[in-house]
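*Asks:* Right, I'll just put the structure down here and ask away after.
The values are calculated or read from the model by the stated rules, or taken from the named source; none is laboratory data. Predicted model only: the values in this text are computed from it and were never measured. Don't worry about glycine lacking a Cβ; one is built from the backbone with ideal geometry, like all the others, and counts go over all protein chains shown.
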Amino acid sequence: MKSLAELKAIREKARDSVVMRKENPNNIRVVVGMATCGIAAGARPVLQAFVEEVARRGLDNVIVTQTGCIGLCRLEPIVEVYVPGQEKVTYVKMTAEKVAKVVANHLVNGVVVDEYAIGSAQ
Amino acid sequence: MNELSLHMLDVAQNSLSAGAANVRLSVCDDAQGIRRLSVEDDGCGMSEEMLRRVCSPFATSRTTRRVGLGIPLLKMAAELTGGGLSIESRQGQGTSVEARFVLGHIDCPPLGDMGGTMQLLIQQRPDIHFVYRRSVPGGGFELDTDELKTQLEEVPLDHPDVLAFIRQFVNEQEKQLVEVHE
């Protein structure tokens with residue numbers, strides 16, 4: 001059973017690694033659409049999977065954020081990936097299962113997962 | 001939307017865009033079998049004109065297009081169980097949304113991953129003071145981000161370990177609450 005006392009242990013452990021990922025222009029940004037359309041289509045587990053996978057791999061150059069309606073509700077859940085110096089990539093109809101591949105191929109190795117990207121996936 | 005916690009996440013997004021500094025979410029079940037979901041904020045509030053129209057799917061503050069389904073979907077879900085929705089709002093002071101669900105009704109959705117909802121709200125806006133209160137007849141628990149901050153000192157609320165803790169904490173407390181009181 002979790003209790004607030006556990007936060008103390010997290011604090012001790014995290015203290016050394018609190019060189020926070022402040023605004024760095026070289027950071028990769030992952031943006032998940034979390035408006036009504038996104039949430040209803042299943043964006044919450046997708047966002048959770050990104051937060052967890054990025055933390056698990058310790059990718060401190062990746063920022064995971066949320067936004068409102070991206071404007072293509074029928075293709076939700078939608079995730080946009082901004083790698084500095086490259087064109088934005090839009091992944092559509094995302095699921096939590098697809099997240100690991102996007103993190104490994106795109107965020108870590110720089111290879112866009114074409115099969116999930118808009119254009120081929122729809 | 002098949003979980004009440006998804007409605008909570010959706011409605012709370014409105015509080016964030018309203019510029020709130022304090023957002024209180026609560027899920028309270030009473031002895032008569034009514035579950036009250038509420039989201040209260042101290043954001044910018046709504047004009048009386050907007051308040052009158054807010055349950056229409058054609059009322060929205062966004063500019064990309066002229067529909068907004070968050071509140072209408074919650075209202076429909078509540079009414080399907082024989083409950084209802086009410087909203088109070090004052091411009092410049094804040095808004096509170098309350099949805100009442102009849103727990104025993106077959107169309108009442110499960111609460112779902114409320115820990116995930118809190119985790120993602122805090123991940124999005126760690127600067128906002130969030131309180132989540134959950135109660136059933138005879139018991140309850142609360143998550144208060146100010147309390148977490150006191151424990152964490154300089155470690156930020158959106159640290160991955162803290163976010164994972166928040167989700168587990170809320171969901172484990174919920175599980176225990178249900179086991180003990182049902």
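*Asks:* Inside the stretch A:54-68, can you point out the residues that are facing chain B (nearest Cβ under 10 Å) and more than 15 Å from residue A:29 (Cβ to Cβ)?
*Replies:* Across the stretch A:54-68, the qualifying residues are A:55, A:56, A:58, A:68.
Okay, residues lined up against (1) of a type in the set (Lys, Arg); (2) farther than 15 Å from residue A:37 by Cα; (3) buried (at least 16 other Cβ atoms within 10 Å of the Cβ); (4) modelled with pLDDT under 95:
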{"site": "B:15", "(1), (2), (3), (4)": "no, yes, yes, yes"}
{"site": "B:26", "(1), (2), (3), (4)": "no, yes, yes, no"}
{"site": "B:35", "(1), (2), (3), (4)": "yes, yes, yes, no"}
{"site": "B:43", "(1), (2), (3), (4)": "no, yes, yes, yes"}
{"site": "B:59", "(1), (2), (3), (4)": "no, yes, yes, yes"}
{"site": "B:63", "(1), (2), (3), (4)": "no, yes, no, yes"}
{"site": "B:72", "(1), (2), (3), (4)": "no, no, yes, yes"}
{"site": "B:76", "(1), (2), (3), (4)": "no, yes, no, yes"}
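*Asks:* Among the strands (runs of 3 or more DSSP E) confined wholly to the stretch B:50-165, which include 2 or more residues that are facing chain A (nearest Cβ under 10 Å)?
*Replies:* B:139-144
*Asks:* Tally up the residues in the stretch A:7-51 that are facing chain B (nearest Cβ under 8 Å) and at pLDDT 85 or above, please.
*Replies:* Adding up the residues that qualify gives 15.
*Asks:* Return the pair list, or none, for Cβ contacts closer than 6 Å from residues in the stretch A:75-88 that are among the aromatic types (Phe, Trp, Tyr) to residues that are part of a strand (DSSP E or B) and surrounded by fewer than 17 Cβ atoms within 10 Å (Cβ to Cβ), at least 6 apart or on different chains.
*Replies:* A:82/A:29
*Asks:* Can you find even one residue in the stretch B:110-119 that is in contact (Cβ under 8 Å) with a residue 12 or more places away in the chain, in contact with a helix residue (DSSP H, G or I) (Cβ under 8 Å, 6 or more places away or on another chain), among the hydrophobic types (A, V, I, L, M, F, W, C) and under 21 Å from residue B:21 (Cβ atoms)?
*Replies:* yes
*Asks:* If you don't mind, there's one more thing I want to ask. So residue B:171 passes all but one of these: (1) within 14 Å of chain A (Cβ to nearest Cβ); (2) buried (at least 17 other Cβ atoms within 10 Å of the Cβ); (3) closer than 25 Å to residue A:15 by Cβ. Which condition number does it fail?
*Replies:* (3)
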